[in-house]
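Working notes for the structure below.
Rule-based calculations on the coordinates, nothing more; no lab input. Since we're looking at a predicted model, the values are computed, not measured. Reconstructed Cβ throughout: ideal geometry from the backbone, glycine too, with neighbour counts over all protein chains shown.
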Amino acid sequence: MAMQSDIWAVSPTTNAVYYRAVAASAGSAALVLLQSTAGSNGIGYKVSITTVGNSSGRTFTIVGHAMGTATGVDTTEVVTGPNATTVYSTNYFDTITSITPSGATTGDLSIGVLGTSVALPRCRIKNVYYVGTATAGSVKVNLNNASTGRLLLQVDTPASATVANNAFISQDGILVGGSSALTDIGIVTLTNVTFSTLMCG
């Protein structure tokens, strides 16, 4: 009989064209998106909006399911457009229903995800793997908020270029969430880390 496992992995990765490849945006119609989910197993990312020109006079209305809200209830967030740079949503979205600009953008536009932070649903973290940089950093997991939420896990990474390490956690793992499967989420924040994988279950 085959063995069953409920362990899954997440490797936060920035991808500036995850939802929309670089292309002009000529009007105020909802953008055609490449996909609607942020990833497997209910993870969520902040949405990134990048333009070549100055689109700070435009807004982008994001509609989707924000992590930490009731299942089946969409959140609407309005993001002011960037000026030849990248701006990000405040919410971590696991599903995107639509992204709509208020008008034509200046220069090409792409829509993606910010990979230095990812939201985890209720789960247990079993293992953390990372590849460091020449500057000391960390892998942190906070409950509900990346900066002020209760710290659940912190793995400090030394100032050593491309050092790799595994942080093995007890069989039970570290619980992300607790009192509520809907509103308690874990925010993973990577600082001066080239790559990281979290094994969850």
Worksheet entry | Hz values of 3J(HN,Hα) by residue in region 91-96 - Karplus curve (6.51, -1.76, 1.60), Gly and Pro given as x | 7, 9, 9, 8, 9, 10
Fill in: Centroid-to-centroid separation of region 14-49 and region 68-145 [C-alpha atoms, Å]
11 Å
Practice prompt. Within 10 Å of each residue's Cβ, count the other Cβ atoms and sort LYS46, LYS126 from fewest upward.
Written response: LYS126, LYS46
Response to the item:
When LEU114, LEU33 are arranged by how many other beta-carbons sit within 10 Å of their Cβ, fewest first, they go LEU33, LEU114
Worksheet entry | Solvent-free Debye scattering, log10 I(q)/I(0), computed from the Cα coordinates of the chain at q = 0.09, 0.13, 0.14 Å⁻¹ | -0.37, -0.74, -0.84
Worksheet item: Cα convex hull of region 20-70: how many Å³ per residue?
Response: 113 Å³
Response to the item:
Taking max minus min of the Cα coordinates of region 122-200 on each principal axis, largest first, gives extents in Å of 39, 28, 14
Fill in: region 10-115 - Rg (one decimal) and Dmax (whole number), Cα, Å
12.8, 37
